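Throughout, read-outs are computed from the coordinates displayed, never taken from laboratory work. Owing to the predicted nature of the structure, the values given are computational and were not obtained by experimental measurement. Counting neighbours? That spans all protein chains shown, and the Cβs are built from the backbone with ideal geometry, glycine included.
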């Protein structure tokens, strides 16, 4: 079976089946691996790779923004578990033709978002590359024992919530690829794509609310990311498309170019807002900005399903690295 047939999530499932996590640890399948400590805390570990031509176009993204995004998407994984980031490791594969000025700007962006969340760069590796840049970041974090929020914790009747507007990043990428004219609204969307803000503080506040159950960050669009929660929790879901939160910039740009904001929000990904489930009582006590977009429902048998209220029968899906036509 080819990777195009297996799909990204099939590949992950194959690896996870071959390497199950030891007892007491959380391994492949969540935003972070979770390792218990003797101090009453748990260590969180995650890693992410950005490959030129697949995750970024070198001639379109400024090096400062690429540095920022490389760190931010990893910090977001710690936020998704309700943890505090404690350090990162950066590995770079660079062609010999890479300008030192480009590298200076890349590191400046990486440093700025790292300093914002008090997360030092502790090491890594460098090597040459024949033609493309490859960036790999490993992030460490911690959380008090048994307090991390996992994808497998969703309960029947939970509300499904997000911490901010959806679709901005996908629209920003579309604007870059389509070379649309940069008015202030378009520029805001491009900045949301290039400089995501990890919701570290929000994740920690959600962790303190016992009525908050499953949680993850939105990297591949809720069409895919919510399915991860449903698979791990053995539940189904209903999403009300009319409740999806859109920024004013996204509304203006979609109206201008005839884009579908719901499709961008569901399928686009890279918003790096938090997607979480909680009881209705817990939702009333939340003090962080959030939007209720649906509800967790029971699953008696079969594969998980998302019912899209306000959409045709053909459901949305999120991003898959090994599927064509995305």
- Message: Show me, bin by bin at 10 Å from 0, the whole-percent P(r) of the range 31-144 based on Cα pairs.
- Response: 14, 46, 28, 10, 2
- Express the relative contact order of the range 151-309 as a whole percentage, based on alpha carbon pairs under 8 Å and six or more residues apart in sequence. 47
- Take every DSSP beta bridge with both residues inside the range 151-309 and express the antiparallel ones as a percent of the total, to the nearest 5. 80
- Query: So how do 274-282, 140-148 stack up, highest first, on mean other-Cβ count within 10 Å?
  - Reply: 274-282, 140-148
- Message: I need the shape label for the range 1-70. Rule: rounded when a/c is under 1.5, else prolate if a/b > b/c, else oblate, with a, b, c from the alpha carbon gyration tensor.
- Response: oblate
- Task: Can you pull the one-decimal nm distance between simple spin-label points at residue 121 and residue 2, each 7 Å off the Cα toward Cβ?
- Result: 3.9
- Enter the Cα centre distance for the pair the range 70-125 and the range 193-217, rounded to the nearest angstrom. 20
- Just order 90-98, 264-272 by mean Cβ neighbour count inside 10 Å, highest at the front, would you? 264-272, 90-98
- Residues of the range 164-195 with amide N under 20 Å of the 7 Å Cα→Cβ point at residue 208: 164
- Over the chain, calculate the relative contact order: mean separation of alpha carbon pairs under 8 Å at least 6 apart, over the residue count, as a percent. 23
- Note on the structure: Length-normalised contact order of the range 1-87, Cα under 8 Å, at least 6 apart, in percent, tallies to 20
- Message: With 10 angstrom as the radius, rank 185, 104, 220 by how many other C-beta atoms surround their C-beta, starting from the fewest.
- Response: 104, 185, 220
- Item | Over the chain, equivalent-ellipsoid semi-axes from the Cα gyration tensor in Å | 29, 25, 20
- Query: For the range 94-142, which semi-axes, largest first and in whole Å, follow from the square roots of 5 times the eigenvalues of its Cα gyration tensor?
  - Reply: 23, 14, 7
- For the chain, with a Gaussian network of springs between Cα atoms less than 10 Å apart, report the residue from 210, 44, 166 with the top mean-square fluctuation. 210
- Query: Any idea what % of Cα-Cα pairs in the range 185-310 are farther than 26 Å?
  - Reply: 24
- Message: To check you understand DSSP bridge types, tell me what percent of the beta bridges within the chain (both residues inside) are antiparallel, rounded to 5.
- Response: 75
